[in-house]
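Input: a single structure, listed below in structure tokens.
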Amino acid sequence: MDIKIVSALNRLPGWLSIHEGQFLHKAALILKNKKGAVVEIGSFQGKSTIYLAKTNQRIYAIDPHRGKLDNGTKITPTLTAFKKNITDFYVKSNVVLIQKTSFSAAKSWKKKIKLLFIDGLHDEKNAESDYDKWSPFLIDGGIVAMHDSFCGWKGAQKVALQKIISNNDYYEIGVVGSIVYGIKGTGNIFTRLNQFRIRIFIQTAYWIKKQKYIPSQLSFILIHRFIKLLLLNHFTLKRK
């Protein structure tokens, strides 16, 4: 993406890093010629939506925009800001707004999905519901990605560990920033061996984070400076 657009996007409110936004953009581009929808659960003010929509594909953005955060904090409902931002970044025509909860939207959903970005409420109940309701629509070769799940929110982390990292439905798993992703399919012996390697490193990072006797600063260095070097992948090595 153009560096000026990336810089402008980074100034928008939200918790998506540049690195994570570029991952979403690149993943959507890689899948552009595959059949299936691009779906995001949780849009907030549209930062991730815009990264996805800048690939000139239709993006289904699911969010009730009620102004409720994970910690229960109430804020101004985000619909007005969302609409303004997708208009200001010239992607309004690519975005299908579904102003519903994930649970409600899933009841009538029938399309196959090629890219599923889960970034709704991060408690275990909601993260698990988002995954369980939407992942069955994922095509072979499709990508599921869960935000704030790599050494992040406990609920999202637990769901990512159980549903993506430990799930053999995904021949490739990886980490980009706080995102855990999986690519659905059977793969081959080499991809399976690499999956096993990555799984060990991710689980080691989770184990380190849980150890109360390890100082938080040392834990951060071990996870985000050392282990993340061992988790580099084709999304992190080549960024545009």
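General observations
- The single residue among Asp148, Asp132 that is acidic (Asp, Glu) and in a loop (DSSP other than H, G, I, E, B) turns out to be Asp148.
- The residue list Ile189, Ile221, Ile227, Ile202 contains one member that is in contact (Cβ under 8 Å) with a residue 24 or more places away in the chain and over 18 Å from Lys154 (Cα atoms), which is Ile227.
- Index of the failed condition, Leu97 passing every other in (1) outside any helix (DSSP H, G or I); (2) among the hydrophobic types (A, V, I, L, M, F, W, C); (3) under 26 Å from His234 (Cα atoms): (3)
Here's the yes/no breakdown for (1) at pLDDT below 95; (2) of a type in the set (A, V, I, L, M):
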| site | (1), (2) |
| --- | --- |
| Ala28 | no, yes |
| Lys34 | no, no |
| Ile50 | no, yes |
| Gly67 | yes, no |
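- Of all the residues in region 46-94, those that are more than 26 Å from Gly142 (Cβ to Cβ), in a loop (DSSP other than H, G, I, E, B) and either among the basic types (Lys, Arg) or in contact with a Gly (Cβ under 7 Å, 6 or more places away or on another chain) (or both) number 5.
- Restricted to region 26-42, and to residues there that are of a type outside the set (A, V, I, L, M, F, W, C) and over 11 Å from the mean Cα position of the chain (by Cα), the residue that is farthest from Ile139 (Cα to Cα) is Lys26.
- Residue ID - nearest to Ile113 (Cα to Cα), chosen from residues in region 1-50 that are surrounded by 18 or more Cβ atoms within 10 Å (Cβ to Cβ) and of a type in the set (Lys, Arg): Lys26
- Checking each residue in region 185-231 for being in a loop (DSSP other than H, G, I, E, B), closer than 22 Å to Ile164 by Cβ and either touching a Ser or Thr at 6+ places or on another chain (Cβ under 6 Å) or modelled with pLDDT under 95 (or both) picks out Thr186, Gly187, Asn188.
- In region 51-76, residue surrounded by the fewest Cβ atoms within 10 Å (Cβ to Cβ) [restricted to those that are touching a His at 6+ places or on another chain (Cβ under 9 Å) and under 25 Å from Ala8 (Cα atoms)]: Thr55
- Matching residues in region 29-56 - criterion: being farther than 19 Å from Tyr131 by Cα and not charged (D, E, K, R): Leu29, Ile30, Leu31, Asn33, Gln45, Gly46, Ile50, Tyr51, Leu52, Ala53, Thr55, Asn56
The values are calculated or read from the model by the stated rules, or taken from the named source; none is laboratory data. This one's a predicted model, so the numbers in the text were calculated from it and none came from an experiment. Cβ: placed from backbone, ideal geometry, glycine included. Neighbour counts: every protein chain shown.
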